[in-house]
Amino acid sequence: MIPALEALARLRDGNRRFVTDQTTAPALSSQARRAALLAGQEPFAIVLGCSDSRVPAELVFDQGLGDLFVIRVAGNVVAPSQVGSVEFAAARFGTRLVVVMGHTQCGAITATLEEILGHATSQSRNLSSIVDRVRPSVEALMSGRRNEDPNALVHDAVRANVQASVDHLRHGSELLEQLIREDGLLVVGAEYSLETGVVTFFDGASETG
Ligand SMILES: [Zn+2]
């Protein structure tokens with residue numbers, strides 16, 4: 001399995017191809033590739049992203065079959081099943097990079113903000129379970145900012161929510177903690193820009209060239 005920083009460089013390169021319209025992914029999803037993968041998979045990165053139809057991880061990183069182990073849930077929140085999915089891939093396949101990827105204009109973040117501001121209509125219990133996971137990080141940054149431009153709040157809230165998910169994965173699992181401590185597992189946050197197509201990586205993701 002390739003080390004985390006090498007995996008990160010691979011994602012950066014893929015996103016660069018995506019942004020400049022030089023994608024190679026169709027060749028990476030060929031019948032030959034599908035056949036080769038019958039023997040098993042070795043995804044080089046785990047991506048926890050939002051379900052938003054405009055943010056498919058394989059496309060924005062220009063990757064093909066077998067490359068990424070992707071978990072998608074509205075608001076890229078971390079509940080036990082997401083932790084379990086990351087544990088599974090890290091332990092079973094030896095994948096050493098985990099990326100939590102939020103995105104600009106995220107509907108789950110906006111919905112949470114509206115609820116906090118008292119503008120929201122009532123939601124189902126299931127949808128509330130997502131909003132409730134986003135809420136703490138949004139509330140924390142909203143103190144004293146209630147009258148600010150909502151777009152600025154959403155911008156900051158997206159990043160705070162990514163950081164909360166990163167923290168949860170780094171500290172909410174004994175298995176992942178051990179892999180981080182002893183085995184080079186790296187959990188990093190990132191934001192995809194709907195406007196530019198660029199993925200920006202946050203702390204712990206220094207440039208690797
Ligand atoms: Zn979203």
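Please treat every number below as a calculation from the coordinates, not as lab data. Remember, predicted model here, so these are calculated numbers, not experimental data. Cβ sites come from the backbone with ideal geometry, for glycine too, and all protein chains shown count toward neighbours.
Diffusion of the chain by Stokes-Einstein, at 4 °C in a medium of 1.567 mPa s and with Rh set to the Kirkwood radius over alpha-carbon pairs, works out to 73 µm²/s. Put a plus charge on the Cβ of each Lys and Arg, a minus charge on the Cβ of each Asp and Glu, and nothing anywhere else: the dipole of the range 46-150 about its Cα centre is then about 240 debye.
How far is helix 125-142 tilted, in degrees, relative to the longest principal axis of the Cα atoms in the chain, given as a value from 0 to 90 rounded to the nearest 10? Here the helix axis deviates by roughly 80 degrees. Taking only the C-alpha atoms of the range 11-95, Rg followed by Dmax gives 13.5, 37 Å.
Pairs of Cα atoms under 8 Å, at least six residues apart: use those to get the relative contact order of the chain, whole percent. Computed value for the chain: 26 percent relative contact order. Between S53 and R12, the contour length at 0.36 nm per residue exceeds the alpha carbon distance by 12.7 nm.
What does the charge count around T104 come to, taking other residues whose C-beta lies under 14 Å from its C-beta (Lys +1, Arg +1, Asp -1, Glu -1)? Surrounding charge for T104 is -2.
For the pair R125 and A36, the difference between a 0.36 nm per residue extended length and the Cα-Cα distance amounts to 27.8 nm. Here is the list for the range 120-209: GluC sites (Glu not before Pro) lying in DSSP coil, each with at most 12 other C-beta atoms within 10 angstrom of its C-beta, are E148, E195, E207.
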